[in-house]
Amino acid sequence: MELTKQNVEETTGSINKFLLTVTGIAPAYNGAWWFFTTYILLVLFSKRIYEVILKRNSVLIVVFSLIFYVLGYIQRIKVPIVLDNIYLDYFLRQLALFGTLQFPFVIGGVFQKEKIYSKINIRLSRERYKDFYLYSIIIGMIILHSFIETLFIAVFTGIVFIVCFNLISKKEYVSSFFRYMGKHSTNLWLIHMFFYMIYFKKLVYSPKYPILIYIWLIILCLPFSYLIEKIEENTKNIALNYKNTK
């Protein structure tokens, strides 16, 4: 276990660092937690975003969301504008991050509204070689991405991959496994970098081979995901009891 004085100090720090991190204003414990603030913003604005999706034309929603994504990508990756005022610069940076991550969020809402996934599923159910086509698309995207190595297309390949993978026929035990992992996926996403970057580097990389390291990392993180689930459950119960007593 690599709980050295240095990395403990790096991940505790002052009360200001703690408050800025837990509120998502400026996460400091893990440099890779840049997405934490955007994640919180998406959750906070999700209800309003879905209300707009339900009320407005889906094509226009996708177009405006795509434009926002392109502008956010340019600001974040290509030609970032840096402002002298730290508050305006912070706002611009968060706006760019939100712009790059809202697009798949909006696409999910449009898919739900227009029942696009169901329509694709019904159409493909009549195809004899459905799984072959879907696997071919996934492999084709992997090959394409190996030649076009840009983060810009990742959001598009990600959307297509999710749709194709969900449509592929699977055994029930395979589906059960992914449902189980899906329950813990957000927790694993939020905590795994603490394991392989800060606290347990040697332990995580001890298997030496990438696929074994990946599996071992998931195994190490899962108990902590259960702990987070328990904390979340208890917090919800406390909030519910408080609400009922008012």
If Arg179 meets every condition in (1) touching a residue at least 24 places away in the same chain (Cβ under 8 Å); (2) within 18 Å of the chain's Cα centre (by Cα) apart from one, which number is that one? (1)
If I ask for residues that are among the charged types (D, E, K, R) and open to solvent by 60 Å² or more (accessible area, probe 1.4 Å), which ones from segment 128-157 would you list? Arg128, Glu149
State whether the residues of segment 132-149 include one that is under 20 Å from the mean Cα position of the chain (by Cα) and closer than 30 Å to Gly24 by Cβ. no
Of the residues Val63, Val110, only one is open to solvent by less than 80 Å² (accessible area, probe 1.4 Å), within 21 Å of Val155 (Cβ to Cβ) and free of Cβ contacts under 8 Å to residues at least 12 places away in the same chain; which? Val63
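So, Gln102, is that one over 29 Å from Cys164 (Cβ atoms), within 23 Å of the chain's Cα centre (by Cα) and either open to solvent by less than 70 Å² (accessible area, probe 1.4 Å) or among the hydroxyl-bearing types (Ser, Thr, Tyr) (or both) or not? Step through it out loud before you land on a result.
Working: over 29 Å from Cys164 (Cβ atoms): no; within 23 Å of the chain's Cα centre (by Cα): yes; either open to solvent by less than 70 Å² (accessible area, probe 1.4 Å) or among the hydroxyl-bearing types (Ser, Thr, Tyr) (or both): yes.
Judged against the criteria, Gln102 is not a match.
Which of the helices (runs of 4 or more DSSP H) contained wholly in segment 166-246 include at least 3 residues that are open to solvent by 90 Å² or more (accessible area, probe 1.4 Å)? Can you show your working first?
Details: elements: 172-194, 201-204, 210-245.
Qualifying helices (runs of 4 or more DSSP H): 172-194, 210-245.
Quick one: would you say Ser146 is farther than 25 Å from Lys78 by Cβ, among the polar types (S, T, N, Q) and out of contact with any strand residue (DSSP E or B) (no Cβ under 6 Å at 6 or more places or on another chain)? Before you say what the answer is, go through the steps one by one.
Values: farther than 25 Å from Lys78 by Cβ: no; among the polar types (S, T, N, Q): yes; out of contact with any strand residue (DSSP E or B) (no Cβ under 6 Å at 6 or more places or on another chain): yes.
No, not satisfied.
The values are calculated or read from the model by the stated rules, or taken from the named source; none is laboratory data. What you see is a predicted model, and the numbers here were worked out from it, not measured in a lab. With ideal geometry, Cβ positions are generated from the backbone for all residues, glycine too; neighbour counts draw on all protein chains shown. Heads up: the accessible areas ignore ligands, DNA and RNA and are worked out on the full protein's heavy atoms, side chains in. Shrake-Rupley method; radii C 1.70, N 1.55, O 1.52, S 1.80 Å.
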